[in-house]
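The values are calculated or read from the model by the stated rules, or taken from the named source; none is laboratory data. Here the structure is a predicted model, which means the values were calculated and not measured. When we count neighbours, we look across all protein chains shown, and the Cβ atoms used for this are built from the backbone with ideal geometry, even at glycine. In case anyone asks, the SASA skips ligands and DNA or RNA and just uses the protein heavy atoms, side chains included. Shrake-Rupley method; radii C 1.70, N 1.55, O 1.52, S 1.80 Å.
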Amino acid sequence: MIVHTRHDPRLGEFALRTLDPERDARLLHRWVTHPKAVFWQMGDADEAAVAAEYRRIAAHPHHDAYLGLWRGSPAFLAERYDPAHVELAGRYAARPGDVGMHFLCAPTDTPVPGFTRAVLTTVLDWLFADFTVHRVVVEPDVRNTAVHARNAEVGFTVVGRLALPTKTALLSTCTRERFRAATGHPEGPAA
């Protein structure tokens with residue numbers, strides 16, 4: 001089921017649909033075990049383990065996963081979670097209206113300039129379309145400098161380093177206002 005669509009002026013149509021752990025496991029396995037997805041921390045997982053992880057997420061009351069489409073074809077993965085209950089629970093000063101987010105672009109041999117920024121803009125557009133969301137929280141690995149640069153481009157501000165069980169993260173947040181200012185996104189719901 002499509003939950004959000006966005007037209008990028010340069011790259012065209014993006015959409016998010018609910019992820020189906022069984023149907024999408026083979027595709028996700030290729031993505032999350034690819035060397036470019038090293039920070040996803042699933043490099044050694046087999047297809048059954050990937051399906052099990054996404055079944056766990058689908059069953060969780062505070063965590064959801066979505067398959068991202070570009071021009072109708074699978075191209076990225078997005079997760080939304082409540083940081084007061086998942087991943088960051090008790091590890092940072094959570095506020096009402098916070099939502100956590102992960103995203104992963106599919107590996108490709110033919111990168112498209114601006115694609116990752118368009119994906120991230122689409123994911124934030126989707127999250128901020130919910131007016132109960134006031135701030136998006138992310139916790140990428142401190143070594144993932146590429147994603148730090150993309151996050152800054154769309155309005156994220158670094159809060160600081162945070163020791164998590166599997167990594168040292170660079171906790172960052174983005175408000176709706178910073179997102180709009182950084183991307184020129186219009187007022188109101190998703191464009």
Close pairs from the range 146-166: first under 17 Å from LEU88 (Cβ atoms) and in contact (Cβ under 8 Å) with a residue 12 or more places away in the chain, partner acidic (Asp, Glu) and in a loop (DSSP other than H, G, I, E, B), Cβ under 8 Å, at least 6 apart: LEU162/GLU139; LEU164/GLU87; LEU164/GLU139
Residues being closer than 15 Å to CYS105 by Cα and among the small types (Gly, Ala, Ser) - total across the range 11-28: 1
Criterion first (closer than 23 Å to TYR54 by Cα and without any contact (Cβ under 8 Å) to a residue 60 or more places away in the chain) does LEU170 satisfy it? no
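Out of ASP98, ASP24, report the one residue that is charged (D, E, K, R) and either more than 20 Å from LEU170 (Cβ to Cβ) or loosely packed, with under 14 Cβ neighbours inside 10 Å (or both).
On the way: ASP98 fails: either more than 20 Å from LEU170 (Cβ to Cβ) or loosely packed, with under 14 Cβ neighbours inside 10 Å (or both).
Testing whether each residue is charged (D, E, K, R) and either more than 20 Å from LEU170 (Cβ to Cβ) or loosely packed, with under 14 Cβ neighbours inside 10 Å (or both) leaves just ASP24.
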Looking at the range 8-21, is at least one residue open to solvent by 40 Å² or more (accessible area, probe 1.4 Å) and of a type in the set (Gly, Ala, Ser)? no
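Each row is one residue, and each column tells you yes or no for (1) outside any loop (DSSP other than H, G, I, E, B); (2) surrounded by 18 or more Cβ atoms within 10 Å (Cβ to Cβ).
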site	(1), (2)
ASP109	no, no
VAL147	yes, yes
ARG150	yes, yes
GLY160	yes, no
ALA163	yes, no
ALA181	yes, no
Name every residue in the range 132-174 that is among the acidic types (Asp, Glu) and farther than 20 Å from HIS63 by Cβ, in order of residue number. GLU153
